[in-house]
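What follows is a set of notes on a single structure, which appears directly below.
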Amino acid sequence: MQISVIVTCYNAHATLAAALTSVAVQSYPPSEIIIVDDGSTDDSVAIARSVMPAATIIEQANQGVSAARNKGLAHVNGDVIAFLDDDDVWHPTKLERQIRLLELHPHLDLIATRWSRTSPVPRQDLSIRWLSYRDLTLMNQFQTSTVLMRSQLAAEVGGFDSTLDTVEDWAFWIACAKKGTLAVLEQDLVLYRDSPDGVSKDLHRFWTTLERMIHTTDAMALLDASDRERIIAWHVQRMFVAALLQRDLSLLTKITFRGLRVSPIAQLHATRTLTIPFLTERLRRRREI
């Protein structure tokens with residue numbers, strides 16, 4: 001299979017070289033590498049040209065990561081597509097393992113991996129966890145740099161929605177789950193490096209965009225009405241816990257008023273089947289650290 005790698009970057013002087021080097025040393029080398037610079041004001045483009053002289057480098061005015069990824073998608077020629085953010089690093093066998101799984105499971109359209117905040121040390125087995133459309137509506141199951149997907153599925157979905165800043169990748173995976181078969185390889189194969197002040201840490205912004213995704217897009221369209229309300233209750237509850245941990249009274253108030261519009265039956269069901277198991281698992285993991 002021919003792999004197209006899309007690397008997006010923005011002012012990535014400190015991290016881009018390591019990210020690109022991790023692509024260059026893959027045991028299953030990609031057939032093309034497309035680097036989209038989203039209006040950097042530092043030397044990111046020069047670094048990209050130095051580390052990857054054979055790559056296709058596209059420069060655009062700053063429009064955000066979704067627009068940058070879509071620009072890359074418009075130029076791919078490979079059978080499958082891998083994404084890499086400018087501050088993440090792949091394990092040298094990441095693509096090889098994912099390609100092996102696509103070959104083992106011809107009906108599989110998207111295979112992600114797990115990620116770690118320390119250098120990954122993967123095992124030899126190729127155990128995977130299959131994911132349903134409903135699984136994707138519950139939570140964003142993927143970090144973008146872990147994903148390898150068939151180009152045909154990406155073309156059918158049509159790209160990332162740049163109006164859904166902070167959840168645009170999640171909305172894209174939900175759309176993929178409507179049309180294809182998705183799974184996760186239960187191996188840490190990506191070193192994930194996020195910023196403490198990144199958009200995913202801005203709970204107000206995340207909550208606002210999550211609400212927009214739920215209510216103004218067709219992300220939840222395949223759920224029946226009762227299940228949809230239970231999942232909305234789950235999102236209200238988990239966001240309430242997040243806001244509580246941050247002691248954000250303003251956001252707590254917004255979420256509380258939103259929760260009042262969800263039926264008590266749905267709230268109870270979400271608490272029992274989703275929120276309590278989720279919090280219990282989180283506490284267990286914290287104790288193990």
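The values are calculated or read from the model by the stated rules, or taken from the named source; none is laboratory data. No experiment lies behind these values; they were computed from the predicted model shown. Every residue, glycine among them, receives a Cβ derived from its backbone with ideal geometry; neighbour counts consider all protein chains shown. SASA here: full protein model, heavy atoms, side chains in, ligands and nucleic acids out. Shrake-Rupley method; radii C 1.70, N 1.55, O 1.52, S 1.80 Å.
Work through the residues other than Asp188 whose Cβ is under 11 Å from its Cβ and net out their charges, Lys, Arg +1 and Asp, Glu -1. So the environment of Asp188 carries a net charge of +3. Only helical runs count toward this figure. For the chain, summing -39,500 (n - 2.57) over DSSP H runs of n ≥ 4 and dividing by all residues gives -13500 deg cm²/dmol at 222 nm.
Distance between the C-alpha centres of the range 128-172 and the range 229-289: 23 Å, rounded to the whole angstrom.
Residue separation times 0.36 nm, minus the C-alpha to C-alpha distance between Lys178 and Arg247: what's the value? Could you put the intermediate results ahead of the total?
Working: separation 69, 0.36 × 69 = 24.84 nm, distance 3.65 nm.
Stretched out fully, the Lys178 to Arg247 stretch lengthens by 21.2 nm.
Label sites at Ile276 and Leu138, each approximated as a point 7 angstrom past Cα along Cα to Cβ, lie 1.6 nm apart.
Using the Cβ-Cβ distance between Glu186 and Arg49 with R0 = 35 Å, the FRET efficiency computed as 1/(1 + (r/R0)^6) comes to roughly 0.40. Ligands, DNA and RNA are left out, and with a 1.4 angstrom probe the accessible area of the range 88-234 is 42 Å² per residue.
With an a/c value of 1.5 or above and a/b not larger than b/c for the gyration tensor axes a ≥ b ≥ c computed over the alpha-carbon atoms, the range 134-250 is described as oblate.
Under 5 Å between amide hydrogens, built in the peptide plane, is the criterion, and for Ile33 it picks out Val5, Thr56 among residues at least 5 positions away or on other chains.
Karplus-based coupling profile of the range 67-78, in residue order and whole Hz: 5, 5, 5, 5, 4, x, 4, 5, 10, 6, 10, x, with θ = phi - 60° in 6.51 cos²θ - 1.76 cosθ + 1.60 and x standing for Gly or Pro.
Placing a label point 7 Å from the Cα of Arg285 along the Cα-to-Cβ direction, the residues of the range 232-269 whose backbone N falls under 19 Å of that point are 234-246.
Comparing Asp109, Asp248, Asp165 in a Gaussian network model of the chain where C-alpha atoms under 10 Å apart are linked, the largest mean-square fluctuation is found at Asp248.
In terms of the Cα gyration tensor, with a ≥ b ≥ c the square roots of its eigenvalues, is the range 241-289 rounded because a/c is under 1.5, prolate because a/b exceeds b/c, or oblate? It is oblate, given that a/c is not under 1.5 and a/b is not larger than b/c.
The HN-Hα couplings worked out from phi for the range 134-148 by the Karplus form 6.51 cos²θ - 1.76 cosθ + 1.60 (θ = phi - 60°) are 4, 4, 6, 6, 6, 6, 5, 8, 10, 9, 4, 5, 8, 8, 10 Hz, whole numbers, x standing for Gly and Pro.
Under the criterion of Cα pairs below 8 Å and six or more residues apart, the relative contact order for the chain equals 17 percent. Oblate is the label for the range 62-114, because the ratio a/c of its alpha-carbon gyration tensor axes (a ≥ b ≥ c) is 1.5 or higher and a/b is not greater than b/c. Taking 0.36 nm per residue of separation and subtracting the Cα-Cα distance, full extension of the segment from Tyr28 to Arg117 would add 29.7 nm.
Maximal additional length on extending the His75-Thr41 stretch stands at 9.9 nm, based on 0.36 nm per residue less the C-alpha distance.
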